[in-house]
Amino acid sequence: MSLLRNFTTGSIYEEMYKKLWEDRRILYLNTDIDDNTIDLIATPILLQNELEIDIPTEKLKPITLWINSYGGSADACAFLVETIEKSRIPIDCKVLSVAASAGLYIVTSCRHRVASSNTIFLLHKGSISLGNTSAGEAEDVIAFYKDEVGRIFDDLIVRRTKITADELKKIKRNETYCLAKDALELYGFIDEIV
């Protein structure tokens, strides 16, 4: 009965996540990407970097991020990508099922990236919700995200994959889906299939 109670309250999951982190340095992202979920990933990375500031870089034990995400907020994604790329501690990634949109950018920012053969990847232009804004405000927001935020993610893809800047312009015109074989061989989103 106590095990059932723990499953329904979520406390058993909290204990499992705690054990993964403490015993194996594993973080797990299995949801849409927003400020709250990114805090659960970025905070331990930032804290562990501070705790291990005196350890030589070559002696740092990697952190592994397990990810299964259809994407989400560009702002939250940009924050986590920046956190991963600036981390002294290497961040490796295992894609469990899906790395779409913002999820793909997070995967791409990791040092070593692996996925199962049936993992689904998606690269696209993204989308934006403008809510209740005037036409002028909407134009400004769209321009900023297209020019500035888009540049951040485009630069990441060109730096960390096999895709050139010219190829990226063509690819992003469509919803570009692929499985792990093409993600590895054609695009370079991952380093290994397991």
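The values are calculated or read from the model by the stated rules, or taken from the named source; none is laboratory data. Bear in mind that the values here come from a model prediction, so they are computed numbers and not experimental data. FYI the Cβ positions are ideal-geometry reconstructions off the backbone, even for glycines, and counts take in every protein chain you see.
Every residue in region 102-118 that is in a loop (DSSP other than H, G, I, E, B) and crowded, with 24+ Cβ neighbours inside 10 Å, please.
Step one: of region 102-118, the residues in a loop (DSSP other than H, G, I, E, B) are 110-112, 116-118.
CYS110, the sole residue that qualifies.
If only one of GLU167, GLU185 is more than 18 Å from the chain's Cα centre (by Cα) and closer than 15 Å to THR108 by Cα, which one is it?
Working: GLU167 fails: closer than 15 Å to THR108 by Cα.
Step by step, each of GLU167, GLU185 is checked, and only GLU185 is more than 18 Å from the chain's Cα centre (by Cα) and closer than 15 Å to THR108 by Cα.
With respect to PRO62, is the statement that it is without any contact (Cβ under 8 Å) to a residue 24 or more places away in the chain, touching a strand residue (DSSP E or B) at 6+ places or on another chain (Cβ under 8 Å) and farther than 24 Å from ILE120 by Cα true?
Working: without any contact (Cβ under 8 Å) to a residue 24 or more places away in the chain: no; touching a strand residue (DSSP E or B) at 6+ places or on another chain (Cβ under 8 Å): yes; farther than 24 Å from ILE120 by Cα: yes.
Taking the combined requirement at face value, the residue does not satisfy it.
Of all residues in region 157-179, count the ones that are hydrophobic (A, V, I, L, M, F, W, C), at pLDDT 95 or above, surrounded by fewer than 17 Cβ atoms within 10 Å (Cβ to Cβ) and in a helix (DSSP H, G or I).
1
Considering only residues of region 14-30 that are in contact (Cβ under 8 Å) with a residue 12 or more places away in the chain, surrounded by 14 or more Cβ atoms within 10 Å (Cβ to Cβ) and of a type outside the set (D, E, K, R), which is farthest from LYS94 (Cα to Cα)? Give the derivation first.
We begin by selecting, within region 14-30, every residue in contact (Cβ under 8 Å) with a residue 12 or more places away in the chain; these are 21, 24-30.
Applying the additional criterion that residues be surrounded by 14 or more Cβ atoms within 10 Å (Cβ to Cβ) yields 21, 25-29.
After this cut, where a residue has to be of a type outside the set (D, E, K, R) as well, the list is 21, 26-29.
Details: TRP21: 15, ILE26: 10, LEU27: 10, TYR28: 10, LEU29: 10 Å.
Per the stated criteria, the residue is TRP21.
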